[in-house]
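Have a look at the structure below, then the notes.
The values are calculated or read from the model by the stated rules, or taken from the named source; none is laboratory data. Predicted model, so just to flag it, every value in this text is computed and none were measured. Cβ placement follows ideal geometry from the backbone for every residue including glycine, while neighbour counts extend to all protein chains displayed. Surface areas here come from the heavy atoms of the whole protein model, side chains and all, with no ligands, DNA or RNA. Shrake-Rupley method; radii C 1.70, N 1.55, O 1.52, S 1.80 Å.
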Amino acid sequence: MACLPYPTFLDSPTRTPSVHSLSAVGRVRIHPLTCPGISNSNDNASSQSAAAVSSSSAQEEYQAILSKCIQQSRVDTSDKSNKENSKLRKKYMKQGVAMASSYLTNTLGIDVSIVDVEIVLHIDGITDTDGSLASCFLDAGCAYVVIRVKEEKGYGLEKALEACDATRVPRDRLVLHWKDDKTSELDTKSLVEITSHVGTISIQITAPLSSSRTEWNPPPVSKKIAKCVFQLSLPDELSNDDLTKSVASLSKVIGENGGKITLVDPTYEQLGLCYAACMKTDRPDGLYTTVVCTRSNEALGLVYSSKVCIHHVYFIRVLYLYS
């Protein structure tokens, strides 16, 4: 399958009244410490105010989940004869998963049954809960846990790998994320060591895309060992043409089934055009052969989509198709 882009929600709402299908690509990355969740306003001025309120509410909800996981981790279950503590820990675990499920479904508006959710968790949040926070979100329906390597003292690569181990989940469910200027310092041996802990390496491209870029240097990791995700930030002055050229060239470098591209806080048009730029068609009219399916993947019919068709799906959930 071609490398197709998906959105990272860092500071932008996951849904607004007019743009509510950005997650239609089937995969999203969420930063719970900053993502405001659903916004009920379209107006620019009022939406900023509404987003601030929504963000505060979403962050409080995330902190409540974290607190519940800390409660769970502090229940001593070393004494197997103490049934009450075992019941209490299980009770906290169920409450945390229920809170996380509500956060994902109601606050973020994401249907985890059809969308692969990557949740970005702070190293402290994982270690302070003895890995319970990661398990909580995975049990609530998230597909992956993303752990960030930061430049701050005490949050480097070694600490991040310790957090990976603390989760006690399969490596295929873990993503290690850091900046591209740091990956260049790693040799092949170090990368092999890292991939023994995680199944995916996520790289934040630090250089802003001021124009179209065609030169990329993916880390020297075999696709059989680990996959890669490239995270791109989108400056306001970047034209859609330069953006799509950059994403299309990066998609070719990654290749088939070699990884993914994620765009930070994209507009519906940016996401749709980049998605189309990574797809292939052999039709002379440039349309893309499209199979319309139900949620359970039952085929309803064969139609044809243009680039405009694709990005309008993310905007208003309306399909403009050619038959």
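Couple of notes before you dig in:
- Search result, residues across region 32-44 that are open to solvent by 20 Å² or more (accessible area, probe 1.4 Å), part of a loop (DSSP other than H, G, I, E, B) and modelled with pLDDT of 70 or more: Leu33, Thr34, Asn40
- Subset tally (residues that are open to solvent by less than 40 Å² (accessible area, probe 1.4 Å) and under 13 Å from Tyr62 (Cα atoms)) for region 73-100: 3
- Any hit, region 150-166, residues being over 22 Å from Cys35 (Cβ atoms) and in contact with a strand residue (DSSP E or B) (Cβ under 7 Å, 6 or more places away or on another chain): yes
- Qualifying residue in region 204-211 (condition: surrounded by fewer than 17 Cβ atoms within 10 Å (Cβ to Cβ) and assigned to a helix (DSSP H, G or I)): no
- Search result, residues across region 1-26 that are open to solvent by 30 Å² or more (accessible area, probe 1.4 Å), within 19 Å of Gly141 (Cβ to Cβ) and modelled with pLDDT of 80 or more: Arg15
- Hey, Val229 crowded, with 16+ Cβ neighbours inside 10 Å and either basic (Lys, Arg) or at pLDDT below 80 (or both) or not: no
- The number of residues in region 248-265 that are open to solvent by less than 10 Å² (accessible area, probe 1.4 Å) and either at pLDDT 90 or above or in contact with a Ser or Thr (Cβ under 7 Å, 6 or more places away or on another chain) (or both) comes to 3.
- Residue pairs whose Cβ atoms lie under 8 Å apart, sitting 6 or more positions apart in sequence or on different chains, and linking a residue in region 295-310 that is of a type outside the set (Val, Ile, Thr) to a partner that is open to solvent by less than 30 Å² (accessible area, probe 1.4 Å), are Tyr304/Leu287; Tyr304/Tyr288; Ser305/Leu287; Ser305/Tyr288; Ser306/Leu287; Ser306/Tyr288; Lys307/Gly272; Lys307/Ala276.
- Within region 101-115, tally of residues that are in a helix (DSSP H, G or I) and open to solvent by less than 10 Å² (accessible area, probe 1.4 Å): 2
- If you check Glu193, Glu118 for being open to solvent by 10 Å² or more (accessible area, probe 1.4 Å) and not in a loop (DSSP other than H, G, I, E, B), only one passes: Glu193.
- Residues (assigned to a strand (DSSP E or B) and open to solvent by less than 10 Å² (accessible area, probe 1.4 Å)) located in region 122-174: Val145, Val146, Ile147, Leu174
- Annotation note: Cβ proximity below 8 Å between a residue of region 251-269 that is over 20 Å from Lys307 (Cβ atoms) and a residue that is in a loop (DSSP other than H, G, I, E, B) and at pLDDT 85 or above (sequence gap 6+ or interchain) occurs for Val264/Leu10; Val264/Leu234; Asp265/Leu10; Asp265/Asp11; Asp265/Ser12; Asp265/Leu234.
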